[in-house]
Amino acid sequence: MTVNQVRSTEIDTWIKERHYLGSVPAGAVIRLEFLDGDGLRVGAMMWGRPVSPKVDQQHILELTRMYFTDIAGHCAESRALGMARKHIRKHYPHIRGLIAYASTGERHRGTVYQADGWFLISKSRSPSAGWANRPGRTDRDLSEKLKFARSP
């Protein structure tokens, strides 16, 4: 598996069509695609500024979307996280920390993060009604989230 940084928003559409939320957040800073040995895209990641304004916006990135196809292979997500960290270390040396969330509503436990050495730092649940109170928005996942962190 190889990793390439992609500057086109075409990857956003690819993720949106496949990810369980059916959407992608705005403001991706880094878009990465992962290719198998034949050059076929088997996965992608979007990294952006942390959603919380309380988190350092200059030195921390948040994994906002990750999707891998079933043909990506065993432990592809964890291997790809390691590859993404290496890419970020090399090309974005000012980044000092990474965060990601696992949705318990989708029965995610953060196994892919833990396999790459990430650690659980908190559990959170939406403190309010979420986004449904805004016109044109609906809540997609209000379940408890597991927040993981790691150095690049």
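Observations
- Consider the stretch 61-84 and keep the residues that are modelled with pLDDT of 95 or more and more than 12 Å from the chain's Cα centre (by Cα). The one that is nearest to V6 (Cα to Cα) is M83.
- From the list R96, R140, R125, R107, the one residue that fits, being surrounded by 11 or more Cβ atoms within 10 Å (Cβ to Cβ) and modelled with pLDDT of 60 or more, is R96.
- Complete set of residues in the stretch 62-113 that are in contact (Cβ under 8 Å) with a residue 60 or more places away in the chain and either in a strand (DSSP E or B) or aromatic (F, W, Y) (or both): Y92
- Counted residues, the stretch 25-71 - those being small (G, A, S), buried (at least 18 other Cβ atoms within 10 Å of the Cβ) and either within 21 Å of I121 (Cβ to Cβ) or touching a Leu at 6+ places or on another chain (Cβ under 6 Å) (or both): 1
- Residue count, the stretch 12-27 (criterion: in a helix (DSSP H, G or I) and either out of contact with any Lys or Arg (no Cβ under 8 Å at 6 or more places or on another chain) or in contact (Cβ under 8 Å) with a residue 60 or more places away in the chain (or both)): 4
- Where I30 falls short, out of the listed (1) more than 11 Å from the chain's Cα centre (by Cα); (2) in contact (Cβ under 8 Å) with a residue 60 or more places away in the chain: (1)
The values are calculated or read from the model by the stated rules, or taken from the named source; none is laboratory data. Treat the numbers as computed from the prediction; the structure is a model and nothing was measured. Note that each Cβ is placed from the backbone with ideal geometry, even for glycine, and that neighbours are counted across all protein chains shown.
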